[in-house]
Amino acid sequence: MTLVDTPAAVAGGPALAQERRLVTAIPGPRSQELMARRAEAVAAGVGTTIPIAVVAAGGGVIVDADGNSIIDLGSGIAVTGVGNANPRVVEAVTAQLNAFTHTCFTIAPYDSYVAVAEKLNALTPGDHVKRSALFNSGAEAVENAVKIARNFTKKQAVVAFDHAYHGRTNLTMGLTAKNIPYKSGFGPFAPEVYRAPLSYPFRDGGLSGAEAAAGAISQIEKQAGAENLAAIIIEPIQGEGGFIVPAQGFLPALVEWCRANDVVFIADEVQTGFGRTGAWFASEHEGIVPDLVVTAKGIAGGLPLSAVTGRADIMDSAMAGGLGGTYGGNPLACAAALASIESYDADGLIERAGRIGALLLERLNALRTADARIGDVRGRGAMAAIELVDPETGAPDAALTSKVAAHAHANGVLVLTCGTYGNVIRFLPPLTISDELLIEGLGVVAEGLRAA
Ligand SMILES: Cc1ncc(COP(=O)(O)O)c(C=O)c1O
(Lines give C-alpha, C1' and ligand atoms only; values in the text may rest on other atoms or scores of the structure.)
Protein backbone atom coordinates (compact mmCIF):
# COMPACT_ATOMS: atom_id res chain seq x y z
CA MET A 1 0.00 0.00 0.00
CA THR A 2 1.42 3.37 -0.94
CA LEU A 3 1.58 6.00 1.73
CA VAL A 4 -0.59 8.99 0.97
CA ASP A 5 0.05 12.17 2.88
CA THR A 6 -2.60 14.17 4.63
CA PRO A 7 -4.00 16.86 2.30
CA ALA A 8 -1.77 19.91 2.86
CA ALA A 9 -4.66 22.33 3.38
CA VAL A 10 -5.93 20.45 6.43
CA ALA A 11 -2.74 19.02 7.89
CA GLY A 12 -2.65 19.48 11.59
CA GLY A 13 -5.07 22.31 12.32
CA PRO A 14 -3.07 23.91 15.12
CA ALA A 15 0.60 23.27 14.42
CA LEU A 16 0.83 20.01 16.33
CA ALA A 17 3.58 17.48 15.76
CA GLN A 18 1.89 14.55 14.07
CA GLU A 19 3.34 11.89 16.33
CA ARG A 20 2.49 9.49 19.14
CA ARG A 21 4.40 10.73 22.15
CA LEU A 22 4.13 9.42 25.70
CA VAL A 23 5.88 11.51 28.34
CA THR A 24 3.92 10.14 31.33
CA ALA A 25 1.76 7.13 32.02
CA ILE A 26 -1.84 7.68 30.93
CA PRO A 27 -3.42 9.32 32.79
CA GLY A 28 -0.53 11.62 33.77
CA PRO A 29 -0.65 13.77 36.92
CA ARG A 30 -2.53 16.70 35.34
CA SER A 31 -5.07 14.41 33.74
CA GLN A 32 -5.51 12.64 37.08
CA GLU A 33 -6.20 15.98 38.71
CA LEU A 34 -8.96 16.70 36.18
CA MET A 35 -10.41 13.22 36.64
CA ALA A 36 -10.56 13.78 40.41
CA ARG A 37 -12.37 17.12 39.94
CA ARG A 38 -14.61 15.51 37.36
CA ALA A 39 -15.63 12.76 39.79
CA GLU A 40 -16.72 15.44 42.29
CA ALA A 41 -18.47 17.73 39.80
CA VAL A 42 -19.84 15.71 36.87
CA ALA A 43 -22.69 13.20 37.03
CA ALA A 44 -21.47 9.61 37.10
CA GLY A 45 -23.73 8.68 34.16
CA VAL A 46 -21.57 10.80 31.84
CA GLY A 47 -18.89 8.24 30.92
CA THR A 48 -15.19 8.49 29.97
CA THR A 49 -13.39 6.44 27.35
CA ILE A 50 -9.83 7.68 27.97
CA PRO A 51 -9.06 9.53 31.22
CA ILE A 52 -7.09 12.49 29.92
CA ALA A 53 -7.33 16.30 30.04
CA VAL A 54 -7.31 17.46 26.42
CA VAL A 55 -5.56 20.74 25.65
CA ALA A 56 -5.23 20.58 21.84
CA ALA A 57 -6.10 18.38 18.89
CA GLY A 58 -5.58 18.41 15.12
CA GLY A 59 -4.64 16.26 12.14
CA GLY A 60 -4.55 12.80 13.66
CA VAL A 61 -3.58 13.53 17.26
CA ILE A 62 -4.98 14.68 20.62
CA VAL A 63 -2.58 16.31 23.09
CA ASP A 64 -3.20 16.16 26.84
CA ALA A 65 -2.22 18.48 29.70
CA ASP A 66 0.78 16.30 30.53
CA GLY A 67 2.22 16.67 27.03
CA ASN A 68 1.20 13.22 25.77
CA SER A 69 0.26 13.10 22.08
CA ILE A 70 -2.31 10.41 21.40
CA ILE A 71 -3.24 8.97 18.01
CA ASP A 72 -6.92 9.71 17.42
CA LEU A 73 -8.79 6.77 15.88
CA GLY A 74 -12.20 7.99 17.09
CA SER A 75 -12.76 11.58 15.83
CA GLY A 76 -14.91 12.34 18.89
CA ILE A 77 -17.28 9.58 17.63
CA ALA A 78 -17.10 10.34 13.90
CA VAL A 79 -17.41 14.10 14.28
CA THR A 80 -14.10 15.67 13.32
CA GLY A 81 -13.87 14.21 9.84
CA VAL A 82 -12.28 17.44 8.63
CA GLY A 83 -9.86 17.35 11.56
CA ASN A 84 -9.94 19.19 14.85
CA ALA A 85 -9.57 22.95 14.56
CA ASN A 86 -9.64 22.62 10.77
CA PRO A 87 -8.22 25.95 9.50
CA ARG A 88 -11.21 26.62 7.21
CA VAL A 89 -13.61 26.02 10.10
CA VAL A 90 -11.60 28.16 12.52
CA GLU A 91 -11.51 31.05 10.05
CA ALA A 92 -15.22 30.88 9.24
CA VAL A 93 -16.34 30.56 12.86
CA THR A 94 -14.03 33.37 13.96
CA ALA A 95 -15.48 35.68 11.32
CA GLN A 96 -19.01 34.71 12.37
CA LEU A 97 -18.17 35.26 16.07
CA ASN A 98 -17.12 38.76 15.24
CA ALA A 99 -20.29 39.45 13.24
CA PHE A 100 -23.09 38.02 15.43
CA THR A 101 -23.52 34.94 17.59
CA HIS A 102 -27.27 34.32 17.73
CA THR A 103 -30.58 35.73 16.64
CA CYS A 104 -32.64 32.48 16.54
CA PHE A 105 -33.29 31.67 12.90
CA THR A 106 -37.04 31.40 13.43
CA ILE A 107 -37.05 34.94 14.86
CA ALA A 108 -34.60 36.76 12.58
CA PRO A 109 -33.15 34.68 9.70
CA TYR A 110 -29.63 34.80 8.26
CA ASP A 111 -27.87 33.60 5.13
CA SER A 112 -25.75 30.74 6.46
CA TYR A 113 -28.73 28.66 7.67
CA VAL A 114 -30.27 28.85 4.19
CA ALA A 115 -26.90 28.09 2.58
CA VAL A 116 -26.49 24.94 4.73
CA ALA A 117 -30.02 23.84 3.75
CA GLU A 118 -29.17 24.42 0.07
CA LYS A 119 -25.98 22.34 0.43
CA LEU A 120 -27.82 19.52 2.19
CA ASN A 121 -30.58 19.52 -0.43
CA ALA A 122 -27.96 19.28 -3.18
CA LEU A 123 -25.66 16.71 -1.54
CA THR A 124 -28.11 14.16 -0.12
CA PRO A 125 -29.16 11.31 -2.46
CA GLY A 126 -31.84 11.93 -5.10
CA ASP A 127 -32.53 14.79 -7.47
CA HIS A 128 -36.10 15.44 -6.30
CA VAL A 129 -37.10 18.76 -4.72
CA LYS A 130 -35.96 18.82 -1.09
CA ARG A 131 -36.16 20.92 2.04
CA SER A 132 -34.04 20.89 5.20
CA ALA A 133 -34.56 21.87 8.82
CA LEU A 134 -31.63 22.31 11.22
CA PHE A 135 -31.34 21.19 14.84
CA ASN A 136 -28.60 20.69 17.45
CA SER A 137 -27.99 16.99 18.06
CA GLY A 138 -28.44 13.74 16.20
CA ALA A 139 -31.16 12.61 18.60
CA GLU A 140 -33.08 15.86 18.18
CA ALA A 141 -32.99 15.49 14.40
CA VAL A 142 -34.12 11.84 14.61
CA GLU A 143 -37.06 12.90 16.81
CA ASN A 144 -37.99 15.53 14.24
CA ALA A 145 -37.75 13.13 11.31
CA VAL A 146 -40.20 10.79 13.04
CA LYS A 147 -42.48 13.68 13.98
CA ILE A 148 -42.52 14.93 10.37
CA ALA A 149 -43.19 11.43 8.97
CA ARG A 150 -46.11 10.92 11.38
CA ASN A 151 -47.61 14.26 10.49
CA PHE A 152 -47.25 13.59 6.76
CA THR A 153 -48.64 10.05 6.73
CA LYS A 154 -51.22 10.61 9.48
CA LYS A 155 -50.00 7.27 10.85
CA GLN A 156 -48.21 6.60 14.15
CA ALA A 157 -46.14 3.43 14.22
CA VAL A 158 -42.37 3.49 13.65
CA VAL A 159 -40.06 0.56 12.99
CA ALA A 160 -36.45 0.50 14.15
CA PHE A 161 -34.06 -2.42 13.84
CA ASP A 162 -32.18 -4.84 16.06
CA HIS A 163 -28.83 -3.33 17.15
CA ALA A 164 -30.04 0.18 16.26
CA TYR A 165 -28.74 3.29 18.00
CA HIS A 166 -30.58 6.56 17.48
CA GLY A 167 -29.83 8.56 20.65
CA ARG A 168 -30.61 9.10 24.30
CA THR A 169 -33.76 11.28 24.34
CA ASN A 170 -37.05 9.60 25.19
CA LEU A 171 -38.19 8.67 21.68
CA THR A 172 -34.67 7.83 20.51
CA MET A 173 -34.06 5.61 23.58
CA GLY A 174 -37.16 3.75 22.49
CA LEU A 175 -35.78 3.41 18.96
CA THR A 176 -32.38 2.30 20.28
CA ALA A 177 -32.04 -1.45 20.79
CA LYS A 178 -29.41 -1.89 23.49
CA ASN A 179 -30.65 -1.93 27.08
CA ILE A 180 -27.45 -1.32 29.08
CA PRO A 181 -26.28 1.42 29.30
CA TYR A 182 -28.76 3.30 27.12
CA LYS A 183 -32.21 2.33 28.43
CA SER A 184 -32.18 0.42 31.68
CA GLY A 185 -34.14 2.32 34.34
CA PHE A 186 -34.93 5.26 32.06
CA GLY A 187 -38.40 4.18 30.88
CA PRO A 188 -41.25 4.30 30.18
CA PHE A 189 -40.45 4.76 26.51
CA ALA A 190 -42.54 6.30 23.74
CA PRO A 191 -45.30 4.02 22.40
CA GLU A 192 -45.79 2.73 18.85
CA VAL A 193 -42.16 1.71 18.28
CA TYR A 194 -41.70 -1.75 16.73
CA ARG A 195 -38.47 -3.64 16.13
CA ALA A 196 -37.47 -5.66 13.09
CA PRO A 197 -34.53 -8.00 12.47
CA LEU A 198 -31.48 -6.55 10.72
CA SER A 199 -29.31 -8.11 8.06
CA TYR A 200 -26.15 -9.01 10.04
CA PRO A 201 -24.14 -11.23 7.68
CA PHE A 202 -21.66 -12.40 10.35
CA ARG A 203 -24.39 -13.54 12.74
CA ASP A 204 -27.52 -14.32 10.69
CA GLY A 205 -26.20 -17.40 8.96
CA GLY A 206 -25.27 -15.46 5.82
CA LEU A 207 -28.78 -14.58 4.66
CA SER A 208 -28.77 -12.64 1.41
CA GLY A 209 -29.99 -9.06 1.53
CA ALA A 210 -33.24 -10.10 -0.15
CA GLU A 211 -33.82 -12.97 2.31
CA ALA A 212 -33.09 -10.80 5.34
CA ALA A 213 -35.39 -8.06 3.99
CA ALA A 214 -38.19 -10.56 3.38
CA GLY A 215 -37.92 -11.69 7.02
CA ALA A 216 -37.93 -8.11 8.29
CA ILE A 217 -40.87 -7.12 6.10
CA SER A 218 -42.89 -10.13 7.14
CA GLN A 219 -42.36 -9.24 10.80
CA ILE A 220 -43.22 -5.59 10.16
CA GLU A 221 -46.45 -6.56 8.39
CA LYS A 222 -47.46 -8.96 11.14
CA GLN A 223 -46.52 -6.84 14.15
CA ALA A 224 -47.10 -3.24 13.03
CA GLY A 225 -49.05 -3.34 9.74
CA ALA A 226 -48.31 -1.02 6.84
CA GLU A 227 -51.63 0.74 7.40
CA ASN A 228 -50.42 1.89 10.83
CA LEU A 229 -46.80 2.54 9.92
CA ALA A 230 -45.53 6.10 9.46
CA ALA A 231 -41.84 5.32 8.96
CA ILE A 232 -39.02 2.89 9.19
CA ILE A 233 -35.74 4.31 10.40
CA ILE A 234 -32.41 2.62 9.80
CA GLU A 235 -28.69 3.38 9.88
CA PRO A 236 -27.29 2.35 6.45
CA ILE A 237 -24.33 0.97 8.42
CA GLN A 238 -25.07 0.53 12.09
CA GLY A 239 -22.74 2.51 14.33
CA GLU A 240 -23.00 1.86 18.07
CA GLY A 241 -24.66 -1.49 17.29
CA GLY A 242 -21.38 -2.87 15.91
CA PHE A 243 -20.53 -1.32 12.53
CA ILE A 244 -22.85 -3.81 10.88
CA VAL A 245 -22.94 -3.54 7.10
CA PRO A 246 -26.18 -5.15 5.89
CA ALA A 247 -25.98 -7.64 3.03
CA GLN A 248 -26.26 -6.06 -0.40
CA GLY A 249 -29.88 -5.63 -1.43
CA PHE A 250 -31.29 -5.40 2.11
CA LEU A 251 -31.69 -1.60 2.11
CA PRO A 252 -33.07 -1.34 -1.46
CA ALA A 253 -35.71 -4.00 -0.67
CA LEU A 254 -36.84 -2.03 2.39
CA VAL A 255 -37.00 1.20 0.37
CA GLU A 256 -39.07 -0.52 -2.30
CA TRP A 257 -41.49 -1.89 0.30
CA CYS A 258 -41.82 1.55 1.91
CA ARG A 259 -42.61 3.14 -1.47
CA ALA A 260 -45.29 0.54 -2.19
CA ASN A 261 -46.90 1.02 1.22
CA ASP A 262 -46.84 4.78 1.83
CA VAL A 263 -44.27 4.41 4.57
CA VAL A 264 -41.57 7.06 4.94
CA PHE A 265 -38.04 5.63 4.69
CA ILE A 266 -35.71 7.51 7.03
CA ALA A 267 -31.94 6.98 6.72
CA ASP A 268 -30.16 7.85 9.94
CA GLU A 269 -26.83 9.00 8.48
CA VAL A 270 -25.73 10.68 11.71
CA GLN A 271 -22.61 8.49 11.96
CA THR A 272 -22.21 7.38 8.34
CA GLY A 273 -22.70 10.77 6.68
CA PHE A 274 -20.33 13.42 5.44
CA GLY A 275 -17.69 11.44 3.66
CA ARG A 276 -17.08 8.97 6.46
CA THR A 277 -17.69 5.90 4.28
CA GLY A 278 -15.97 7.22 1.15
CA ALA A 279 -19.15 8.78 -0.29
CA TRP A 280 -21.03 11.84 0.91
CA PHE A 281 -23.66 9.48 2.34
CA ALA A 282 -23.58 5.73 2.94
CA SER A 283 -26.97 5.35 1.21
CA GLU A 284 -25.10 5.98 -2.05
CA HIS A 285 -23.22 2.66 -1.81
CA GLU A 286 -26.54 0.84 -2.27
CA GLY A 287 -28.01 3.40 -4.67
CA ILE A 288 -30.96 4.07 -2.35
CA VAL A 289 -32.81 7.38 -2.19
CA PRO A 290 -34.29 7.84 1.31
CA ASP A 291 -37.40 9.99 1.78
CA LEU A 292 -35.71 11.69 4.74
CA VAL A 293 -32.03 11.77 5.68
CA VAL A 294 -30.90 12.61 9.21
CA THR A 295 -27.42 14.12 9.55
CA ALA A 296 -25.27 15.44 12.42
CA LYS A 297 -21.75 14.64 13.73
CA GLY A 298 -19.42 15.17 10.71
CA ILE A 299 -21.50 18.05 9.36
CA ALA A 300 -19.83 20.93 11.21
CA GLY A 301 -16.25 20.10 12.23
CA GLY A 302 -17.15 19.68 15.91
CA LEU A 303 -19.78 22.37 16.40
CA PRO A 304 -23.22 21.10 17.36
CA LEU A 305 -25.48 20.92 14.33
CA SER A 306 -27.90 18.38 12.90
CA ALA A 307 -30.47 18.29 10.14
CA VAL A 308 -33.41 16.54 8.57
CA THR A 309 -33.38 16.74 4.77
CA GLY A 310 -35.90 15.22 2.46
CA ARG A 311 -38.80 15.24 0.06
CA ALA A 312 -40.33 18.72 -0.08
CA ASP A 313 -43.89 17.37 0.18
CA ILE A 314 -43.05 15.52 3.39
CA MET A 315 -40.94 18.27 4.93
CA ASP A 316 -43.42 21.02 4.08
CA SER A 317 -46.33 19.15 5.64
CA ALA A 318 -45.47 20.42 9.13
CA MET A 319 -47.23 23.66 10.04
CA ALA A 320 -45.23 26.88 10.44
CA GLY A 321 -43.80 26.98 13.95
CA GLY A 322 -44.05 23.18 14.26
CA LEU A 323 -40.32 22.68 13.64
CA GLY A 324 -37.36 24.51 15.15
CA GLY A 325 -35.95 25.48 18.52
CA THR A 326 -33.91 28.25 20.09
CA TYR A 327 -30.50 27.14 18.87
CA GLY A 328 -31.21 24.94 15.83
CA GLY A 329 -28.98 26.15 13.00
CA ASN A 330 -27.03 28.52 15.23
CA PRO A 331 -24.91 30.86 13.03
CA LEU A 332 -21.59 29.62 14.44
CA ALA A 333 -22.54 26.01 13.69
CA CYS A 334 -23.77 26.97 10.21
CA ALA A 335 -20.50 28.80 9.45
CA ALA A 336 -18.62 25.72 10.61
CA ALA A 337 -20.80 23.46 8.43
CA LEU A 338 -20.24 25.53 5.29
CA ALA A 339 -16.48 25.52 5.90
CA SER A 340 -16.48 21.79 6.64
CA ILE A 341 -18.44 20.98 3.48
CA GLU A 342 -15.94 23.08 1.53
CA SER A 343 -13.08 21.17 3.16
CA TYR A 344 -14.54 17.72 2.37
CA ASP A 345 -14.80 18.85 -1.23
CA ALA A 346 -11.78 21.05 -1.87
CA ASP A 347 -9.34 19.02 0.24
CA GLY A 348 -10.31 15.69 -1.29
CA LEU A 349 -11.41 14.23 2.05
CA ILE A 350 -14.09 11.94 0.68
CA GLU A 351 -11.58 10.28 -1.61
CA ARG A 352 -9.23 10.19 1.38
CA ALA A 353 -11.88 8.29 3.38
CA GLY A 354 -11.91 5.66 0.63
CA ARG A 355 -8.13 5.31 0.78
CA ILE A 356 -8.16 5.13 4.59
CA GLY A 357 -10.77 2.38 4.25
CA ALA A 358 -8.60 0.39 1.84
CA LEU A 359 -5.67 0.66 4.23
CA LEU A 360 -7.78 -0.27 7.27
CA LEU A 361 -9.37 -3.31 5.62
CA GLU A 362 -6.04 -4.54 4.21
CA ARG A 363 -4.31 -4.33 7.60
CA LEU A 364 -7.24 -5.66 9.63
CA ASN A 365 -7.78 -8.59 7.26
CA ALA A 366 -4.08 -9.42 7.53
CA LEU A 367 -4.44 -9.45 11.32
CA ARG A 368 -7.49 -11.67 11.04
CA THR A 369 -5.65 -14.22 8.92
CA ALA A 370 -3.17 -14.66 11.77
CA ASP A 371 -5.60 -14.45 14.70
CA ALA A 372 -8.79 -16.52 14.85
CA ARG A 373 -10.13 -14.34 17.68
CA ILE A 374 -10.93 -11.73 15.02
CA GLY A 375 -14.18 -13.24 13.80
CA ASP A 376 -15.06 -10.54 11.31
CA VAL A 377 -13.57 -7.47 9.65
CA ARG A 378 -16.07 -5.09 8.13
CA GLY A 379 -16.87 -1.51 7.26
CA ARG A 380 -16.75 1.03 4.50
CA GLY A 381 -14.24 3.83 4.11
CA ALA A 382 -12.99 5.34 7.35
CA MET A 383 -15.63 3.41 9.30
CA ALA A 384 -14.20 -0.06 9.90
CA ALA A 385 -14.25 -2.55 12.73
CA ILE A 386 -13.15 -5.92 14.03
CA GLU A 387 -15.52 -8.23 15.90
CA LEU A 388 -13.72 -10.28 18.57
CA VAL A 389 -14.94 -13.77 19.38
CA ASP A 390 -14.08 -17.04 21.06
CA PRO A 391 -12.51 -18.89 18.11
CA GLU A 392 -14.01 -22.22 19.23
CA THR A 393 -17.63 -21.13 19.57
CA GLY A 394 -17.88 -17.76 17.81
CA ALA A 395 -19.31 -16.31 21.04
CA PRO A 396 -18.68 -12.58 21.46
CA ASP A 397 -15.58 -11.80 23.56
CA ALA A 398 -16.23 -8.51 25.33
CA ALA A 399 -13.47 -9.10 27.91
CA LEU A 400 -10.83 -9.40 25.19
CA THR A 401 -12.22 -6.30 23.51
CA SER A 402 -11.89 -4.28 26.73
CA LYS A 403 -8.33 -5.52 27.24
CA VAL A 404 -7.26 -4.55 23.72
CA ALA A 405 -8.84 -1.09 24.04
CA ALA A 406 -7.21 -0.58 27.45
CA HIS A 407 -3.82 -1.54 25.99
CA ALA A 408 -4.30 0.94 23.14
CA HIS A 409 -5.28 3.75 25.53
CA ALA A 410 -2.34 3.07 27.86
CA ASN A 411 -0.03 3.21 24.85
CA GLY A 412 -1.29 6.42 23.34
CA VAL A 413 -3.93 5.28 20.84
CA LEU A 414 -7.56 6.27 21.27
CA VAL A 415 -9.90 3.56 19.95
CA LEU A 416 -13.61 3.13 20.63
CA THR A 417 -15.50 -0.07 21.24
CA CYS A 418 -19.11 -0.76 20.28
CA GLY A 419 -21.57 -3.53 19.53
CA THR A 420 -24.62 -5.02 21.18
CA TYR A 421 -22.29 -7.59 22.76
CA GLY A 422 -19.49 -5.07 23.52
CA ASN A 423 -17.06 -7.07 21.37
CA VAL A 424 -16.32 -4.71 18.47
CA ILE A 425 -13.36 -2.35 18.14
CA ARG A 426 -14.20 0.41 15.72
CA PHE A 427 -11.89 2.66 13.75
CA LEU A 428 -13.13 6.15 12.94
CA PRO A 429 -10.00 8.24 12.33
CA PRO A 430 -10.20 11.87 11.30
CA LEU A 431 -9.87 12.00 7.52
CA THR A 432 -6.87 14.29 8.10
CA ILE A 433 -4.78 11.55 9.75
CA SER A 434 -1.60 10.53 7.91
CA ASP A 435 -1.09 6.95 6.77
CA GLU A 436 1.95 6.73 9.04
CA LEU A 437 -0.04 7.54 12.18
CA LEU A 438 -2.90 5.27 11.16
CA ILE A 439 -0.51 2.37 10.60
CA GLU A 440 1.24 3.05 13.90
CA GLY A 441 -2.12 3.13 15.70
CA LEU A 442 -3.16 -0.18 14.14
CA GLY A 443 0.20 -1.61 15.18
CA VAL A 444 -0.54 -0.76 18.82
CA VAL A 445 -3.96 -2.44 18.57
CA ALA A 446 -2.27 -5.53 17.10
CA GLU A 447 0.21 -5.48 20.00
CA GLY A 448 -2.78 -5.31 22.37
CA LEU A 449 -4.25 -8.41 20.75
CA ARG A 450 -0.97 -10.27 21.08
CA ALA A 451 -0.59 -9.21 24.72
CA ALA A 452 -4.16 -10.13 25.73
C1 LIG B 1 -26.66 6.66 14.03
C2 LIG B 1 -26.82 7.63 15.15
N3 LIG B 1 -27.98 8.27 15.30
C4 LIG B 1 -28.17 9.18 16.27
C5 LIG B 1 -27.18 9.47 17.17
C6 LIG B 1 -27.42 10.47 18.26
O7 LIG B 1 -26.69 11.62 18.00
P8 LIG B 1 -26.39 12.65 19.18
O9 LIG B 1 -25.44 11.97 20.11
O10 LIG B 1 -25.79 13.84 18.48
O11 LIG B 1 -27.70 12.96 19.81
C12 LIG B 1 -25.94 8.83 17.04
C13 LIG B 1 -24.84 9.11 17.99
O14 LIG B 1 -23.90 8.37 18.15
C15 LIG B 1 -25.75 7.89 16.01
O16 LIG B 1 -24.59 7.25 15.84
Of the residues SER199, SER184, which single one is closer than 19 Å to GLY422 by Cα, hydroxyl-bearing (Ser, Thr, Tyr), surrounded by fewer than 16 Cβ atoms within 10 Å (Cβ to Cβ) and under 23 Å from the mean Cα position of the chain (by Cα)?
SER184
On the basis of being in contact with a strand residue (DSSP E or B) (Cβ under 8 Å, 6 or more places away or on another chain) and either under 19 Å from LEU134 (Cβ atoms) or among the hydrophobic types (A, V, I, L, M, F, W, C) (or both), does VAL270 make the cut?
yes
For the range 143-176, name all the residues that are farther than 19 Å from LEU254 by Cα and of a type in the set (A, V, I, L, M).
ILE148, LEU171, MET173
Tally of residues being within 12 Å of the ligand (Cβ to nearest atom) and within 28 Å of LEU388 (Cβ to Cβ) across the range 264-286
8
Selection from the range 251-266 of residues among the acidic types (Asp, Glu) and within 18 Å of LYS154 (Cα to Cα) yields ASP262
Listed residues PRO304, PRO290, PRO236; which is in contact (Cβ under 8 Å) with a residue 60 or more places away in the chain and within 11 Å of the ligand (Cβ to nearest atom)?
PRO304
Filtering the range 307-316 for residues that are of a type in the set (Gly, Ala, Ser) and within 14 Å of the ligand (Cβ to nearest atom) leaves a count of 1
Please go through the range 123-153 and give me each residue that is under 21 Å from the mean Cα position of the chain (by Cα) and either part of a strand (DSSP E or B) or more than 16 Å from the ligand (Cβ to nearest atom) (or both), ordered by number.
LEU123, PRO125, SER132, ALA133, LEU134, PHE135
When ASN261 is evaluated against the numbered criteria (1) polar (S, T, N, Q); (2) more than 11 Å from the ligand (Cβ to nearest atom); (3) in contact (Cβ under 8 Å) with a residue 40 or more places away in the chain, which criterion, by number, is the only one it fails?
(3)
Name the pairs whose Cβ atoms lie under 9 Å apart, with the first residue in the range 310-333 and in the same structural domain as ALA267 (by TED's automatic domain parsing) and over 19 Å from ASP268 (Cβ atoms), the second of a type in the set (A, V, I, L, M) and modelled with pLDDT under 95, and 6 or more positions between them or separate chains?
none
Of (1) surrounded by fewer than 21 Cβ atoms within 10 Å (Cβ to Cβ); (2) within 29 Å of MET173 (Cα to Cα), ALA141 satisfies every one except (1)
Any strands (runs of 3 or more DSSP E) falling wholly within the range 247-362 and containing at least 1 residues that are among the polar types (S, T, N, Q)
292-295, 306-311
Among (1) basic (Lys, Arg); (2) outside any helix (DSSP H, G or I); (3) over 24 Å from LEU303 (Cβ atoms); (4) more than 14 Å from the ligand (Cβ to nearest atom) - the single one LYS178 does not satisfy
(4)
Taking the options THR80, THR49, name whichever one is surrounded by 18 or more Cβ atoms within 10 Å (Cβ to Cβ), within 16 Å of the ligand (Cβ to nearest atom) and part of a loop (DSSP other than H, G, I, E, B).
THR80
So the check is Cβ under 6 Å with 6+ separation or different chains; which pairs have a first residue in the range 11-24 that's modelled with pLDDT under 95 and a second one that's in a loop (DSSP other than H, G, I, E, B)?
ALA11/GLY59; GLY12/GLY59; GLY13/GLY83; GLY13/ASN84; GLY13/ALA85; GLY13/ASN86; PRO14/ALA85
Over the range 162-173, the set of residues more than 11 Å from the ligand (Cβ to nearest atom) and outside any loop (DSSP other than H, G, I, E, B) is ASN170, LEU171
Yes or no: the range 204-216 includes at least one residue that is assigned by TED's automatic domain parsing to the domain that holds GLN271, in contact with a strand residue (DSSP E or B) (Cβ under 7 Å, 6 or more places away or on another chain), of a type outside the set (D, E, K, R) and within 26 Å of VAL308 (Cβ to Cβ).
yes
Note down all Cβ pairs under 6 Å where the first residue falls in the range 37-55 and is at pLDDT 95 or above, the second is of a type in the set (A, V, I, L, M) and in a loop (DSSP other than H, G, I, E, B), and they're at least six residues apart or on different chains.
ALA53/ALA65; VAL55/ALA65
Those residues that are under 22 Å from GLN238 (Cβ atoms) and assigned to a helix (DSSP H, G or I), I need them from the range 368-379; list them, please.
ARG368
When you scan the range 21-40, how many residues do you find that are of a type outside the set (S, T, N, Q) and assigned to a loop (DSSP other than H, G, I, E, B)?
6
Subset of the range 54-109, residues more than 30 Å from GLU440 (Cβ to Cβ) and in contact with a helix residue (DSSP H, G or I) (Cβ under 6 Å, 6 or more places away or on another chain), comes to ALA92, VAL93, GLN96, PHE105
VAL404: part of a helix (DSSP H, G or I) and without any contact (Cβ under 8 Å) to a residue 60 or more places away in the chain, yes or no?
yes
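The values are calculated or read from the model by the stated rules, or taken from the named source; none is laboratory data. Here the structure is a predicted model, which is why all the values come from computation and not from measurement. Cβ: placed from backbone, ideal geometry, glycine included. Neighbour counts: every protein chain shown.
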